[in-house]
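Engineer: Just passing along the structure, written as structure tokens.
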Ligand code: ADP
Ligand code: ADP
């Protein structure tokens, strides 16, 4: 069954803007799913509905087989849904290790336990991130990796990446793609948002294209249907 399923989701803002007009989307466990659309297509609104920032106006959201309506973003996070925005809210004056465990519960672990878990997470990521470097000294690409580690440390089953590579070099983008593929192979699902279909197709064949709040292309659902 899908990890996340949206069915006929609409979102109409109080000012009358119909940002989503019947969006259905399925993300399989451990898959990499792309979400593409031009400015104003509804990508941010859709992410906000998925992450519990906005309730949908109509339609349903199913997470791990159960219909959910998130009370707030914290509820979605605790259920295993992480969102990484282009502007990553890391604390520049803290180390990588401190940032990774900053989110809920991290400081309940012993220092030794945290180091061991950090080493495990870096191993899963497959990209060498040093624990004791200050985040303020890292490149944008490395900060993306730290944000991914943070999501893994929080127990994310689905990581929503909101145009993460918009300010990355080509080389850094490759590294982020490699990490996403590798983690997906280990069972973590990704929903990867981009303006560019070409970029998404470099990463995955499972793509939903939004235009004016509607799905105009949905590749990959057919494969999911065959499996289920
Ligand atoms: P909600 O009731 O779902 O929180 P609101 O209409 O109250 O949505 O808007 C939330 C925020 O988005 C407000 O700060 C608002 O100013 C801002 N906003 C309003 N219109 C737009 C728009 N067209 N594009 C982006 N943001 C907007
Ligand atoms: P994208 O992320 O694809 O650029 P958005 O989801 O931000 O698209 O916006 C979709 C439409 O909804 C746009 O017309 C935008 O102006 C409008 N919109 C987004 N947020 C709000 C809001 N809070 N209030 C009113 N309109 C909004």
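The values are calculated or read from the model by the stated rules, or taken from the named source; none is laboratory data. None of these values were measured; they are calculated from a predicted model. So basically every Cβ, Gly included, is an ideal-geometry build from the backbone, and we count neighbours across all protein chains shown.
Engineer: Residue 22 - would you say it is touching a residue at least 60 places away in the same chain (Cβ under 8 Å), within 15 Å of ligand 2 (Cβ to nearest atom) and crowded, with 20+ Cβ neighbours inside 10 Å?
Structural biologist: On the way: touching a residue at least 60 places away in the same chain (Cβ under 8 Å): yes; within 15 Å of ligand 2 (Cβ to nearest atom): yes; crowded, with 20+ Cβ neighbours inside 10 Å: no.
No, not satisfied.
Engineer: Quick check on my filter: what residues within segment 1-18 are crowded, with 20+ Cβ neighbours inside 10 Å and within 16 Å of ligand 1 (Cβ to nearest atom)?
Structural biologist: 9, 11
Engineer: Taking segment 46-81, which residues are part of a loop (DSSP other than H, G, I, E, B), in contact (Cβ under 8 Å) with a residue 60 or more places away in the chain and within 16 Å of ligand 1 (Cβ to nearest atom)?
Structural biologist: Listed by number, the list holds a single entry, 51.
Engineer: Taking residue 21 as the residue in question, decide whether it is away from ligand 1 (no atom under 16 Å from the Cβ) and outside any loop (DSSP other than H, G, I, E, B).
Structural biologist: No.
Engineer: Does residue 7 satisfy being more than 16 Å from ligand 2 (Cβ to nearest atom), assigned to a strand (DSSP E or B) and more than 22 Å from residue 187 (Cα to Cα)?
Structural biologist: Details: more than 16 Å from ligand 2 (Cβ to nearest atom): yes; assigned to a strand (DSSP E or B): yes; more than 22 Å from residue 187 (Cα to Cα): yes.
So residue 7 fits the description; yes.
Engineer: Are any of the residues in segment 25-43 modelled with pLDDT of 95 or more, more than 16 Å from ligand 2 (Cβ to nearest atom), exposed (fewer than 15 other Cβ atoms within 10 Å of the Cβ) and more than 16 Å from the chain's Cα centre (by Cα)?
Structural biologist: Checked segment 25-43: no residue is modelled with pLDDT of 95 or more, more than 16 Å from ligand 2 (Cβ to nearest atom), exposed (fewer than 15 other Cβ atoms within 10 Å of the Cβ) and more than 16 Å from the chain's Cα centre (by Cα).
Engineer: A follow-up question, please. List the number of the failed condition for residue 168; all other conditions in (1) surrounded by fewer than 14 Cβ atoms within 10 Å (Cβ to Cβ); (2) without any contact (Cβ under 8 Å) to a residue 40 or more places away in the chain; (3) over 28 Å from residue 75 (Cα atoms) hold.
Structural biologist: Here residue 168 clears every test but (1).
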